[in-house]
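Here's the structure we're looking at; comments come further down.
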Amino acid sequence: MMHQLISKVSRRAFSSVGSLCRNASCSSIVTKNYFSTISALQRQFESTQKVAVPSNLLKWGSLGFCRTLSFATGFAPLQRKPLESILDVDRAKNKSPEELADIWDDYHLGRGHIGVSMNAKLYHLLEQRTADCRYFVIPLWKGSGYTTMFLQVQMPYMLFTGLEDYKARGTQAAPYFTASYYKEFADSKDLVLIRGEVVFTSKLSDEEAKWLLETAQSFYLNDVRYKLVERFNKETREFEFKDVLQALEMPIL
């Protein structure tokens, strides 16, 4: 069930991208600043809002999870990059959904960011299911094995952190990769724009980050896969990581 709204018909010329999107320098600033004030933001967030990690963590408790930790790095108070600082919103209103999706995708190529999109109906389903189940674990294949990523969701954001880092640092563990969802064109064009930011390029390539995002969405949007997400969040005693590996057709090491 996981899919994007737009299939690319042709690659738009970068001159078209440049005319619609803002200066390239604006796209690299926020990631550098996102996590410079983690401690202060964490204190602020913990004093205003608690988001519990799944209860009954009998098996996963041994991995170092803490049941009362709030969203990693106090992400909620952070401000995402405004869409109008990336895109000429007024000009974008005159583009078809297909053109806008192509331009968004093309603009992010080679910038250390990821630009994808989905239709509004899928986004609303994603929003509904992530509100109910905010956490999951995804294996990322590297070489001859995989590393496990811990996913946290508080829409319109997704955070991907190395599970080992989260075990060691808890909410102080900075995300490796973040994704922000922009709903400005959801009603008018049935299109939600998604911007991914690779925070640690030494840990994740753009291709790996895009795969993580698509895979995470597939677990929430595919009815069969979503049962594993529900089990992880609500029936932790019954959750088996090997079921995730099997769903992704990865070997059980």
When you go through Thr148, Thr130 one by one, which is the residue that is touching a helix residue (DSSP H, G or I) at 6+ places or on another chain (Cβ under 7 Å) and surrounded by fewer than 17 Cβ atoms within 10 Å (Cβ to Cβ)? Thr148
What's the number of the condition Tyr166 fails, among (1) in contact (Cβ under 8 Å) with a residue 12 or more places away in the chain; (2) outside any loop (DSSP other than H, G, I, E, B); (3) surrounded by fewer than 22 Cβ atoms within 10 Å (Cβ to Cβ)? (3)
Taking segment 186-202, which residues are open to solvent by less than 10 Å² (accessible area, probe 1.4 Å) and more than 10 Å from His113 (Cβ to Cβ)? Leu191, Val192, Leu193, Ile194
Selected residue (criterion: modelled with the lowest pLDDT) from residues of segment 203-214 that are open to solvent by less than 10 Å² (accessible area, probe 1.4 Å) and out of contact with any helix residue (DSSP H, G or I) (no Cβ under 9 Å at 6 or more places or on another chain): Ala209
Unmet criterion (only one of (1) open to solvent by 10 Å² or more (accessible area, probe 1.4 Å); (2) under 20 Å from Trp211 (Cβ atoms)) for His124: (2)
Among the residues of segment 163-216, how many are among the basic types (Lys, Arg) and within 19 Å of Glu98 (Cβ to Cβ)? 3
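So, in segment 194-239, how many residues would count as being among the hydrophobic types (A, V, I, L, M, F, W, C), assigned to a loop (DSSP other than H, G, I, E, B) and within 16 Å of the chain's Cα centre (by Cα)? Reasoning before the result, please.
Of segment 194-239, the ones among the hydrophobic types (A, V, I, L, M, F, W, C) are 194, 198-200, 204, 209, 211-213, 216, 219, 221, 224, 228-229, 232, 239.
Filter again for assigned to a loop (DSSP other than H, G, I, E, B), leaving 199-200, 204, 239.
Add one more test, that the residue is within 16 Å of the chain's Cα centre (by Cα), and what stays is 199-200, 204.
Qualifying residue count, segment 194-239: 3.
The values are calculated or read from the model by the stated rules, or taken from the named source; none is laboratory data. Remember, it's a predicted structure, so these values are computed and weren't measured experimentally. Note that each Cβ is placed from the backbone with ideal geometry, even for glycine, and that neighbours are counted across all protein chains shown. All accessible areas refer to the heavy atoms of the entire protein, side chains included, with ligands and DNA or RNA removed. Shrake-Rupley method; radii C 1.70, N 1.55, O 1.52, S 1.80 Å.
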